[in-house]
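A.B. asks: Sharing a structure here in structure tokens format.
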Amino acid sequence: MAILHTVNKSPFERNALGSCLRLAKKGSSVLLFEDGVIGAMQNTKYSGKVAQAMEHLSFYVLGPDIKARGLGDDRVINGINIIDYDGFVDLTTEHNAVQSWL
Amino acid sequence: MEDGDGVVKKFCYINRKAPYGTIYALESLEVVLIAAAFDQDISLVFVDDGVYQLTQGQDTAGIGMKNFSRTYAALGDYDVKKVYVDRESLEERGLSIDDLQTLKYEDEDDDWAEKDSLFVVARDELSTIIDAQDVILSF
Amino acid sequence: MKFGIVINEGPYTHQSSDSALQFVKAAISKGHEIFRVFFYHDGVNNGTSLGVPPQDDRNLTKEWSALATQYDLDLVVCVAAAQRRGMLDEDEMKRHGKSAHNLAAGFRISGLGQLVEAGIQADRLVTFGD
């Protein structure tokens, strides 16, 4: 089983997403939530990097946090799975451990 | 010795923040010291600004805060033998292993020989180390 | 599965406590067990009995207390972090000669060993912080 990496900060504010993408092993999963959902948005200066990382990592984003920030699901980068808190719980059980990039 | 029913998990403490600007470096170290009593398989990882926690020669007199950097050198006494420092984080900050404290432990399986416990590791190796952990604590 | 939850930040300033609350509710609704919720760093401030948040918004401390009562959750506030930040139960108040205590119902103060134990005993440890 792989690790579930979580990022809760915007890539514009912190380098948590960058470091996560640098060190998450191929085959792991990344969940973007809280302000981290910004990293899941299309047309940002980080979108290309995230799209590239999707070649070896599975990406998830927390739907409620997207809505809270007035962003639509249609803004999410293609291929990133939109989940809810139930899905968040499932992700943790489907992975060996959780690494929170704080 | 604490009784965990003999369960031994790989515990990893990930440090990404510089010391003193916030309390995370100090309070994460406090967890590591307490955890020593639980006989788990402990690794410490320092990435990004976390590498600054290990610099030599910290002098906090001018900022009026307690200098806790000597605690890192004592980690060997708490059976912490694996301290991993991310090479890229050092390099992009213009630092090298020479800027960091020397951390050692005494190997009870080798006649108490003194050995290095701090390892500068490259991205792929660090990625593999993290991926193998059972419990990851971040601060 | 058994979950250990770690909350590193205080109420309101960060979303950590809110996210953890939503996660815990979802985990419980899916039939999982919450082994312990451990409050560390500024997270200890979630345990204050003195909070008076605006009436039209959530009261995080009360929500945690209510959840603890409903599902018999173990909400642990780290003693060292709590002492630093002035979060005391009655025993701590007496021990340190203070004039008041401020730990909310449903929370208990204990040591960092409880966090390590949660890491050992739980199947998954999830941290919410900054």
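What follows is calculated from the coordinates using simple rules that are stated; it is not laboratory data. The structure presented is a predicted model; accordingly, all values stated were derived computationally and were not measured. So basically every Cβ, Gly included, is an ideal-geometry build from the backbone, and we count neighbours across all protein chains shown.
A.B. asks: Under 17 Å between alpha carbons: how many lysine pairs meet that in chain A, if sequence neighbours fewer than 8 apart on the same chain are excluded?
C.D. replies: For chain A, the number of qualifying lysine pairs is 5.
A.B. asks: While we're on this one: Please give the direction-averaged projected area of the C-alpha convex hull for the protein assembly as shown, in square nanometres with one decimal.
C.D. replies: For the protein assembly as shown, the mean projected area of the Cα convex hull comes to 20.2 nm².
A.B. asks: Sticking with this one: Between residue A:75 and residue C:100, with labels modelled 7 Å along Cα→Cβ, what's the label distance in nm to one decimal, could you check?
C.D. replies: It is 4.2 nm.
A.B. asks: Same structure again: Obtain the nm distance between the two label points defined at residue B:60 and residue B:112 by a simple spin-label model: each point lies 7 Å from its Cα along the Cα-to-C-beta direction.
C.D. replies: A separation of 3.1 nm, rounded to one decimal place.
A.B. asks: Using only the alpha-carbon atoms, how far is helix B:24-35 inclined from the longest principal axis of chain B? Give it as 0 to 90 degrees, nearest 10.
C.D. replies: Here the helix axis deviates by roughly 20 degrees.
A.B. asks: Alpha carbon centre of region C:92-130 versus region B:22-37: separation in Å?
C.D. replies: When both Cα centres are located, 15 Å separates them.
A.B. asks: Over all directions, what mean area does the Cα convex hull of region C:34-130 project, stated in square nanometres?
C.D. replies: 6.9 nm²
A.B. asks: OK, next. Please sort C:98-109, C:20-31, A:30-41 by packing, taking for each peptide the average over its residues of neighbouring beta carbons within 10 angstrom, highest first.
C.D. replies: Final packing ranking: A:30-41, C:20-31, C:98-109.
A.B. asks: With a point put 7 Å past each Cα toward its Cβ, work out how far residue C:121 is from residue A:68 in nm, to one decimal.
C.D. replies: 3.0 nm
A.B. asks: Å³ per residue of the Cα convex hull, for region B:1-62?
C.D. replies: 92 Å³
A.B. asks: Would you work out the Kirkwood radius for chain B? I mean one over the mean of 1/r across all pairs of different Cα atoms, in Å.
C.D. replies: 15.6 Å
A.B. asks: Taking the Cα centre of each part, how many Å lie between region A:10-30 and region A:31-78?
C.D. replies: The distance from the Cα centre of region A:10-30 to that of region A:31-78 comes to 12 Å.
A.B. asks: Okay, next question. Expressed as a whole number of Å, what is the distance separating the alpha-carbon centroids of region C:46-89 and region B:71-114?
C.D. replies: Distance between centres, Cα-based: 38 Å.
A.B. asks: Please report, in whole Å³, the volume per residue of the convex hull around the C-alpha atoms of chain A.
C.D. replies: Measuring per residue, one finds 84 Å³ for the Cα hull of chain A.
A.B. asks: Sticking with this one: Eight or more residues apart or on different chains, and alpha-carbon atoms under 12 Å: count the Lys pairs in chain B matching that.
C.D. replies: 6
A.B. asks: Pick from B:98, B:48, B:111: which is most flexible by mean-square fluctuation in a GNM of chain B where alpha carbon atoms under 10 Å apart are linked?
C.D. replies: For chain B, modelled as a Gaussian network with Cα springs under 10 Å, the answer is B:111.
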